[in-house]
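Data first, discussion second: the structure below is written as structure tokens.
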Amino acid sequence: AQRVTQPEKLLSVFKGAPVELKCNYSYSGSPELFWYVQYSRQRLQLLLRHISRESIKGFTADLNKGETSFHLKKPFAQEEDSAMYYCALSGRGGYQKVTFGIGTKLQVIP
Amino acid sequence: EAGVTQFPSHSVIEKGQTVTLRCDPISGHDNLYWYRRVMGKEIKFLLHFVKESKQDESGMPNNRFLAERTGGTYSTLKVQPAELEDSGVYFCASSLTGPSYEQYFGPGTRLTVT
């Protein structure tokens, strides 16, 4: 069965401190991994996906197949990063259903 | 361009009543998905339409839930009769067809069954 685990429901960091949101997954095969973000009063939106290997808003995520992890990192947190972050996966091949983790609320303290 | 829209934004009904949720995908998106988040739980997949056909309905909880997408445009999700455990936020998403197209989410409909 496919599953996404986010061990922290809430992560509080001070502005300027590094951020790491943890995500582990289980999947038979090679999934596609994502991070979605939901800012206050906004809709869920894609932040980044592992196949793109890009940095969005200063965030990066490295896929570690050995540890089945896809942690989200940012070297210096900003207040506007405060939001709910969801790690997610889907099968490869396009238009597949997405399996979400429970989400981590990131709170950046000024 | 308007994104995915959902109506209503919030619905409060009594147990045993019927509720119909509507989703309008982004124009030109053949793929339409329904998801649900029950309080304290993960966002869970319900079903996937490709145009008007149900591609995958493995996540539908039971036969009280009926989804339709007549004409391959907007979709409705009917819950009849509603139970307390159906309360949650129902999300709709749409995407183009292809190997790596992004799913765009609607704002969600918050359903409260009392």
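Does residue B:76 fit the bill of being in contact with a Ser or Thr (Cβ under 6 Å, 6 or more places away or on another chain), of a type outside the set (Gly, Ala, Ser) and in contact (Cβ under 8 Å) with a residue 40 or more places away in the chain? Give the steps one after another, and end with the answer.
On the way: in contact with a Ser or Thr (Cβ under 6 Å, 6 or more places away or on another chain): yes; of a type outside the set (Gly, Ala, Ser): yes; in contact (Cβ under 8 Å) with a residue 40 or more places away in the chain: yes.
When the stated conditions are applied, residue B:76 passes them.
Could you tell me which of the residues A:77, A:1, A:17 is within 14 Å of chain B (Cβ to nearest Cβ) and more than 19 Å from residue B:103 (Cα to Cα)?
Values: A:77 fails: within 14 Å of chain B (Cβ to nearest Cβ); A:17 fails: within 14 Å of chain B (Cβ to nearest Cβ).
When all the criteria are applied, what remains is A:1.
Regarding residue B:12, is this residue of a type in the set (A, V, I, L, M), touching a helix residue (DSSP H, G or I) at 6+ places or on another chain (Cβ under 8 Å) and at pLDDT 95 or above? Explain how you work it out, then say what you get.
On the way: of a type in the set (A, V, I, L, M): yes; touching a helix residue (DSSP H, G or I) at 6+ places or on another chain (Cβ under 8 Å): no; at pLDDT 95 or above: yes.
Spelling it out, it is not the case that residue B:12 is of a type in the set (A, V, I, L, M), touching a helix residue (DSSP H, G or I) at 6+ places or on another chain (Cβ under 8 Å) and at pLDDT 95 or above.
Would you list the strands (runs of 3 or more DSSP E) that sit entirely within segment B:7-106 and hold 3 or more residues that are within 14 Å of chain A (Cβ to nearest Cβ) and buried (at least 17 other Cβ atoms within 10 Å of the Cβ)? Steps first, please.
Details: elements: B:10-13, B:19-24, B:31-37, B:43-50, B:53-56, B:65-68, B:75-79, B:88-95.
Per the criteria, B:31-37, B:43-50, B:88-95.
Could you check how many residues of segment A:15-42 are part of a loop (DSSP other than H, G, I, E, B) and within 15 Å of residue A:56 (Cβ to Cβ)?
First pass over segment A:15-42, keeping only residues part of a loop (DSSP other than H, G, I, E, B): A:15-18, A:22-23, A:27-31, A:39-42.
Narrowing further to those that are within 15 Å of residue A:56 (Cβ to Cβ): A:39.
Of the residues in that region, 1 qualify.
Considering A:36, A:85, A:25, which residue is within 12 Å of chain B (Cβ to nearest Cβ), buried (at least 17 other Cβ atoms within 10 Å of the Cβ) and not polar (S, T, N, Q)? Before the answer, list the steps.
Details: A:85 fails: within 12 Å of chain B (Cβ to nearest Cβ); A:25 fails: within 12 Å of chain B (Cβ to nearest Cβ).
Of the residues listed, the single one that is within 12 Å of chain B (Cβ to nearest Cβ), buried (at least 17 other Cβ atoms within 10 Å of the Cβ) and not polar (S, T, N, Q) is A:36.
Tally the residues that are surrounded by fewer than 17 Cβ atoms within 10 Å (Cβ to Cβ) and touching a Pro at 6+ places or on another chain (Cβ under 8 Å), restricting the search to segment A:44-75.
3
The values are calculated or read from the model by the stated rules, or taken from the named source; none is laboratory data. Quick caveat: nothing in here was measured; it's all calculated off a predicted structure. Every residue, glycine as well, gets a Cβ built from its backbone with ideal geometry; the counts of neighbours run over all protein chains shown.
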